[in-house]
Amino acid sequence: MHISAKADYATRALLELARAPEQPLTCEAIADAQGIPFRFLKSVVGELRRAGLVRSQRGCVGGYWLGVPADAITLLDVTRAVDGELITLRGEPLSGLGYAGAARGLPEVWRRIEADAAAVLGGVTVAALLAEAEGGAEPVAAQGAA
């Protein structure tokens with residue numbers, strides 16, 4: 001499975017926004033805090049805004065805030081917002097994939113991998129990641145193992 005730079009940067013941007021929810025943050029501030037290329041981040045934040053995960057305000061006191069509470073944003077939401085399908089085969093969704101003969105069972109394996117990845121990503125919220133980073137929660141990986 002490939003985790004895109006967009007999904008990584010989007011998650012890191014949301015974590016920065018969740019860390020200071022009372023004030024808007026500029027893309028410059030997020031990029032500096034996370035070491036993310038500014039121009040790439042602008043594009044990613046635009047996709048997060050279109051998905052409703054962040055909201056924005058223009059002007060002197062403008063910037064970005066979370067569009068929904070951090071405990072309602074999962075890594076699956078983030079990945080789908082910036083990448084679309086979770087796993088594709090040659091750029092196509094796995095839903096209509098079918099093979100003949102000896103490879104007949106292979107598409108089901110790919111779909112199970114996608115379902116398992118979706119379950120893991122859907123079980124981790126931005127709030128849980130932030131709590132772990134701040135030392136206030138059990139590790140996210142341990143939460144998914146229960």
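The values are calculated or read from the model by the stated rules, or taken from the named source; none is laboratory data. Quick caveat, the model's predicted, so the values are computed rather than measured. Cβ: placed from backbone, ideal geometry, glycine included. Neighbour counts: every protein chain shown. Accessible surface is based on the protein model in full, side chains and every heavy atom, while ligands, DNA and RNA are left aside. Shrake-Rupley method; radii C 1.70, N 1.55, O 1.52, S 1.80 Å.
Okay, here's what the table says:
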| item | result |
| --- | --- |
| Accessible area (Å², per residue) of the chain, counting only protein heavy atoms and a probe of 1.4 Å | 58 |
| Estimated FRET transfer efficiency (Arg49, Ser95; beta-carbon r; R0 22 Å; 0.05) | 0.20 |
| Protein accessible area in the chain, 1.4 Å probe - carbon and sulfur % | 54 |
| Cut-off 13 Å (backbone N to label point 7 Å along Cα→Cβ of Trp110), residues of the range 68-88 | 86-88 |
